[in-house]
Amino acid sequence: MNGTIGQVATSSMGGGTFAINGGFWAGAGDYCSRLDTNCDGRIDAADLANILAAWGNCPDQNCPADLNNDGHVDGVDLALLVANWD
Ligand SMILES: [Ca+2]
Ligand SMILES: [Ca+2]
């Protein structure tokens with residue numbers, strides 16, 4: 001692997017050996033849509049139930065049912081869910 005990061009190289013690199021490791025983040029395959037509140041791959045009645053169960057304020061902004069992350073679980077989140085219903 002060759003390349004330049006940040007600035008033009010002015011001389012050969014020294015100082016020892018190094019290695020660049022690549023791969024995937026552990027758990028990255030578990031990513032699911034923000035609209036999929038229970039992360040089951042579908043946007044459906046189970047997600048609707050989660051929204052209704054969490055309806056109201058979400059002060060810590062860490063509610064899966066707060067689809068637009070505005071601190072409230074409300075009609076906006078419900079509209080997002082319905083618009084993307086699977
Ligand atoms: Ca779901
Ligand atoms: Ca919201």
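What follows is calculated from the coordinates using simple rules that are stated; it is not laboratory data. Everything numeric in this text was worked out from a predicted model, so none of it was measured. Cβ sites come from the backbone with ideal geometry, for glycine too, and all protein chains shown count toward neighbours.
Provide the gained length on full extension for the span Cys32 to Asn84, in nm with one decimal, where the gain is 0.36 nm per separating residue minus the Cα-Cα distance. Provide the component values of the computation, followed by the final result.
Details: separation 52, 0.36 × 52 = 18.72 nm, distance 1.38 nm.
Once the chain is fully extended between Cys32 and Asn84, it gains 17.3 nm.
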task = Tell me which residues come under 5 Å, amide H to amide H, from Val73 once H is placed; ignore anything under 5 positions away on its chain.
result = Gly56, Asn57, Cys58
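R0 = 41 Å: FRET efficiency of Leu48 with Thr17, Cβ-based, nearest 0.05? Walk me through the intermediate numbers first.
On the way: r = 56 Å, r/R0 = 1.35.
With R0 = 41 Å, the Cβ-Cβ based efficiency is 0.15.
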